[in-house]
Amino acid sequence: MADTMGHSATATRNTSVALGFCLLAVAPQIFEFIWSIGTIFGWGAGRGPATVLISHATALVAGAPAALIGSVGGETKKASSDVLLALIYSYPIFAVAIVTLFMAIRSAQDYVGGVILMALALFALWASSDLQGMRGFSFGAGTAPRMFGGLLVALSAGIALTGLLTDGPAMAHYSWRGPLFVMASIVFFALAIRPLGLVVSAFASFMIAAMGSHETRWLEAAIVGACLTLGCALLFPYVLGLPMPMFPRFLIQ
């Protein structure tokens, strides 16, 4: 009875981890879709939400398998960026998620941490896939990212393997509030810098990030945010010479 309950609990944990890896496998696509929503309101340039959704769905379901079959048949047609993202990043993480369902995880922290590092390395390999590689003995722009990305894939695979072969701690409790609000502040700044300007965007982004902690003292946070905003207003346009809008577009017009 105890063995049956233990096996059921392990299967449940493995299913949860595998589902998390599936979400990780499509995280770049989800991020681009969320980013593309801003184009509806004129907050950025790029593809619209419908185009992003259709392109990535087509790449995952049809484009990537067709590219694999074509490579086996000797075709040399260059794949699109969406297809390469599916091949280099999403498919390997999906494969890890499937394998996770049938493995006994002995050290969850090592295993999950290794897979997340592997995802970062695979994303770096995809991001550098369109950069020039080595020509003879000369390094191209993509040589170092691919070299370090491949090395990180090997190291992260070793860490994940350690989580399968040796006993270790289970997953510790993790609070998502801090990272969630920090990421939200970054996305807000990226979307708001053009229509709202540097002053409003920087201060609002800092206050959004401050919401990630229960211990935030709002008066002190507002003072620090104002000081950092003043520093950014002096640093970017005057010290670095970057042509960034300072104030909201409707005030300038």
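Order these peptides, 17-24, 233-240, by their mean beta-carbon neighbour count within 10 angstrom, highest first.
Working: 17-24: 17.5, 233-240: 12.5.
Descending packing order for the listed peptides: 17-24, 233-240.
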On Cα atoms only, tilt of 143-165 relative to the major axis of the chain in degrees
50
Between helix 218-234 and the chain: long-axis angle, C-alpha atoms, 0 to 90°, nearest 10:
80
PRE reach from Thr166 (point 7 Å along Cα→Cβ): which of the range 98-116 fall under 20 Å by backbone N?
104-116
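Let me know the shape class of the range 54-104, please: from the alpha-carbon gyration tensor, a ≥ b ≥ c as square roots of the eigenvalues, rounded when a/c is under 1.5, otherwise prolate if a/b is greater than b/c, or oblate.
Prolate.
Compute the accessible area per residue over the range 93-247, keeping the other protein chains in place, probe 1.4 Å, unit Å².
Numbers: 9500 Å² over 155 residues.
About 61 Å² of surface per residue is accessible.
So if I place +1 on the C-beta of Lys and Arg and -1 on the C-beta of Asp and Glu, and nothing else carries charge, what would the dipole magnitude of the chain be about its Cα centre? I want it in debye, nearest 20. Walk me through the numbers before you get to the answer.
Values: 11 positive and 9 negative charges, 99 e Å.
It comes to approximately 480 debye.
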Can you match log10 I(q)/I(0) by the Debye sum over Cα atoms at q = 0.07, 0.08, 0.18 Å⁻¹ to one of these, (i) -0.28, -0.36, -1.46; (ii) -0.23, -0.31, -1.59; (iii) -0.36, -0.47, -1.34, based on a calculation from the structure here?
(iii)
Between the Cα axis of helix 27-40 and the main Cα principal axis of the chain, the angle (0 to 90°, nearest 10) is 30
How much length is gained if the chain between Leu53 and Phe250 is pulled fully straight, taking 0.36 nm per residue apart and subtracting their Cα-Cα distance, in nm to one decimal?
67.7 nm
What's the ranking of 219-226, 90-97, 28-35 by average number of surrounding C-beta atoms within 10 Å, highest first?
90-97, 28-35, 219-226
What 222 nm value per residue comes from the helices of the chain, counting each DSSP H run with n ≥ 4 as -39,500 (n - 2.57) and dividing by all residues, nearest 500 deg cm²/dmol?
-22000 deg cm²/dmol
What is the extension gain from Ser175 to Val99, computed as 0.36 nm multiplied by their sequence separation minus the C-alpha to C-alpha distance, in nm to one decimal?
24.7 nm
Can you work out ³J(HN,Hα) from phi for every residue in the range 105-115, in order, using Karplus 6.51 cos²θ - 1.76 cosθ + 1.60 and θ = phi - 60°, giving whole Hz and x for Gly and Pro?
8, 9, 9, 5, 5, 5, 5, 5, x, x, 5
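Using a Förster radius of 22 Å, what is the FRET efficiency between Val224 and Ala184 based on their Cβ-Cβ separation? Nearest 0.05, please. All intermediate terms of the calculation are to be shown ahead of the outcome.
Working: r = 18 Å, r/R0 = 0.84.
About 0.75, to the nearest 0.05.
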If you stretched the chain out fully between Arg217 and Ala154, how much longer would it get, using 0.36 nm times the residue separation minus the C-alpha to C-alpha distance?
18.3 nm
Sorted by packing (mean other beta-carbon atoms within 10 Å per residue), highest first, where do 48-55, 155-162, 244-251 land?
155-162, 48-55, 244-251
How high is the FRET efficiency between Leu242 and Lys77 when r is their beta carbon distance and R₀ equals 41 Å, given to the nearest 0.05?
0.55
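The values are calculated or read from the model by the stated rules, or taken from the named source; none is laboratory data. Computed from a predicted structure; not experimentally measured. Reconstructed Cβ throughout: ideal geometry from the backbone, glycine too, with neighbour counts over all protein chains shown. Note: areas computed on protein heavy atoms with side chains; ligands, DNA, RNA excluded. Shrake-Rupley method; radii C 1.70, N 1.55, O 1.52, S 1.80 Å.
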